[in-house]
1. Over the chain, what per residue volume does the convex hull of the Cα atoms give, in whole Å³?
2. For the chain, what is the calculated [θ] at 222 nm in deg cm²/dmol (nearest 500), taking -39500 (n - 2.57) for each run of four or more DSSP H residues and dividing by its residue count?
3. I want to check the label-to-label distance for residue 111 and residue 60. Put each point 7 Å from Cα in the C-beta direction and report it in nm to one decimal.
4. Arranged from highest to lowest average of other beta-carbon atoms within 10 Å per residue, in what order do the peptides 155-164, 310-319 appear?
5. Please state the Cα pair-distance histogram of the range 308-387 with 5 angstrom bins from zero: what percent is in each bin?
6. Between the helical axis of 201-217 and the dominant principal axis of the chain, each derived from Cα atoms, what acute angle in degrees is found, rounded to the nearest 10?
7. When the chain is modelled as a GNM with alpha-carbon springs shorter than 10 Å, which of 185, 151, 300 fluctuates the most?
8. Could you give the nm distance between label points at residue 210 and residue 195, where each point is 7 Å from its Cα heading toward the beta carbon?
């Protein structure tokens with residue numbers, strides 16, 4: 001009896017200990033879950049707070065850098081360089097990655113052969129690397145940059161400022177021209193641009209449909225004349241000429257003045273309007289941003305070559321081949337490729353000083369160049385200022401379109417992400 005009682009008592013103790021152990025394990029699981037949840041919430045809150053701080057610093061740095069860049073544009077003196085022995089940048093956008101790397105290797109080898117050796121010999125020289133080889137654009141840096149990117153720090157944020165030549169890009173407004181005298185040439189130029197960028201006929205048709213909707217909002221105007229419009233008289237003048245009518249008398253006449261809107265003012269108004277339209281949801285930016293060349297070293301897409309600030313002219317000294325052909329279509333659709341090639345070969349040695357010089361040097365096509373003169377120039381005046389500020393994991397990007405004539409800088413619009 002005693003042994004059986006002892007065994008029963010031992011079983012009860014073991015069961016009690018098992019229950020206690022089970023309860024302890026449950027409590028530990030609950031506590032660990034609560035601890036993990038709490039730590040995860042604290043980490044998430046800390047991450048959100050850190051991101052808010054980083055974003056505020058990036059935004060402040062971006063705003064400050066944009067002000068600095070716009071103020072510095074007054075002293076910018078972009079000058080086109082001579083590139084007689086360099087491959088032209090015009091056709092890089094259609095090269096496949098193997099073709100591009102082969103070109104870089106060829107350029108690296110030529111530069112290595114031309115570089116003087118410290119011992120005056122060519123022996124034991126290592127093959128040149130293509131990693132540091134770049135094809136210079138019209139101003140020296142990669143197209144479409146006017147200067148090398150400027151990098152500096154503001155607080156904890158790293159800032160990069162890039163200035164692009166917008167007159168070297170295809171003015172998207174040309175695709176909206178409704179003037180019957182220019183419509184055929186404009187359509188041909190736009191199709192030329194799209195075909196160079198690798199778009200299929202159905203895709204070109206879809207893009208033109210989207211642009212037609214933009215044209216309904218506001219057509220793109222090429223020619224301007226000074227306008228005389230009616231405007232309300234100033235408040236001080238209205239106070240002097242307006243009288244309170246007596247009982248039963250006719251009300252006083254509202255006074256108005258005539259004012260003249262200059263051509264420059266109309267162009268500025270159109271540029272600002274289309275800057276907003278081209279950066280709105282009316283434009284299918286996903287299609288334009290689709291890579292046209294599969295590459296890990298280059299960013300080639302139609303978006304890179306589009307002017308979205310309402311520009312009206314293309315700089316023949318800085319525009320790539322497909323943009324030149326689109327512009328020269330206004331002079332001669334059939335001869336545009338030949339004229340573009342002649343311009344590319346000539347400007348590598350010496351940039352054109354004005355359109356008259358282009359007509360003299362390419363005299364065979366002088367009439368065509370004369371006809372498209374309203375659409376081409378030799379000096380860029382519209383630029384894109386792109387500021388990228390990074391602080392921690394936060395990134396802020398802002399773009400500004402500006403017109404620069406002499407030391408006068410007029411802002412078209414500022415677009416932030």
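1. 378 Å³
2. Using -39500 (n - 2.57) per qualifying helix, the result is -14500 deg cm²/dmol.
3. Reported label-point gap for residue 111 and residue 60 is 4.0 nm.
4. With the highest mean Cβ count within 10 Å placed first, the list reads 310-319, 155-164.
5. Over the range 308-387, the share of Cα pairs per 5 Å bin runs 3, 16, 29, 28, 13, 7, 3, 1, 0 percent.
6. The helix 201-217 is inclined about 70 degrees to the chain.
7. Comparing 185, 151, 300 in the GNM, the peak value goes to 151.
8. 2.2 nm
Values in this text are rule-based calculations from the coordinates and carry no lab data. These numbers were taken from a predicted model, which means no experiment stands behind them. So basically every Cβ, Gly included, is an ideal-geometry build from the backbone, and we count neighbours across all protein chains shown.
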